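Since every read-out is calculated from the coordinates, none of them should be taken as a lab result. This one's a predicted model, so the numbers in the text were calculated from it and none came from an experiment. Because the Cβ atoms are built from the backbone with ideal geometry, glycine has one as well, and the counts that use them run over all protein chains shown.
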Amino acid sequence: MTTSVADLKREAEQRMNKAVEALREAFAKVRTGRAHTGLLDHVLVEYYGAEVPIPQVANVTLLDARTLAVQPWEKGMVAKIEKAIRESDLGLNPATVGDVVRVPMPPLTEERRRELVKVVRQEAEQARVAVRNVRREANQTLKELQKKKLITEDELRRAEEEVQRLTDRFVKIIDEITEKKEHDLLQI
């Protein structure tokens with residue numbers, strides 16, 4: 001159990017930061033119309049009996065704004081990588097040219113863009129809830145410390161205000177990240 005108010009706030013800030021990082025990772029998987037190398041980070045390919053992310057077995061680069069190039073380090077991986085990308089939830093149709101897998105990004109339809117915005121908003125709300133849960137747990141711990149006479153009422157109130165400011169700061173960050181992702185999705 002956390003004993004000092006400073007430790008409690010530091011722990012709360014770290015946990016809120018993890019919620020924001022988890023949101024960034026979730027947003028990286030939601031594709032816009034543009035290609036980016038992080039798009040294939042969560043696509044797993046079979047490599048010597050283990051499932052590993054594509055970037056661990058190949059070099060992923062941008063050919064242009066709408067095309068990725070995946071160059072496996074071993075020639076035998078070309079077909080496996082192409083199959084893994086095709087079967088992923090990204091809706092991509094890769095093509096092999098020699099020992100390079102080219103992954104063109106099809107333009108998104110307006111309907112698909114709207115669906116992706118809904119997904120983005122749900123992910124953002126989950127991150128906000130996670131941040132608020134950290135706030136609630138921190139406030140409960142503060143009240144327990146006050147009940148045990150380890151902190152005064154004034155210290156409790158001051159610490160709760162600081163935790164609230166921390167919460168507001170992280171919710172604002174989440175809102176900014178979400179707004180940027182929605183803007184990227186709706187751009188044609």
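Against the compact-protein benchmark of 2.2 N^0.38 Å, the Cα-based radius of gyration of region 5-108 scales to 1.32. Here is how the number arises for the chain: DSSP H runs of 4 or more residues each give -39500 (n - 2.57), the sum is divided by the residue count, and the result at 222 nm is -20500 deg cm²/dmol.
Taking only alpha carbon atoms, region 100-178 gives an Rg to Rh ratio of 1.31, where Rh is the Kirkwood radius.
Sorted largest first, the spans of the alpha carbon positions of the chain along the three principal axes are 71, 40, 21 Å. Computed over region 57-188, relative contact order equals 19 percent, with contacts defined as Cα pairs under 8 Å that lie 6+ residues apart. Angle of helix 5-29 to the longest C-alpha principal axis of the chain, folded into 0 to 90 degrees and rounded to 10: 20°. Here's the list of lysines a cross-link from Lys83 could span, going by alpha-carbon distance under 22 Å and ignoring same-chain residues fewer than 8 apart: Lys29, Lys75.
Close amide H pairs (under 5 Å, H built 1.01 Å from N) link Asn59 with Gln71, Trp73, residues at least 5 positions away or on another chain. Shown is the FRET efficiency for Trp73 and Ala6, computed with R0 = 41 Å from the Cβ-Cβ distance and rounded to the nearest 0.05: 0.30. As a ratio to 2.2 N^0.38 Å, the alpha-carbon radius of gyration computed for region 52-145 takes the value 1.65. Under a 5 Å amide H cut-off, with hydrogens placed 1.01 Å from N, Arg66 pairs with Ala35 among residues at least 5 apart or on other chains. Close amide H pairs (under 5 Å, H built 1.01 Å from N) link Thr96 with Arg102, residues at least 5 positions away or on another chain.
How high is the relative contact order of region 66-111, in percent, counting Cα pairs under 8 Å that sit 6 or more residues apart?
Numbers: 56 pairs, mean separation 21.1, N = 46.
For region 66-111, the relative contact order is 46 percent.
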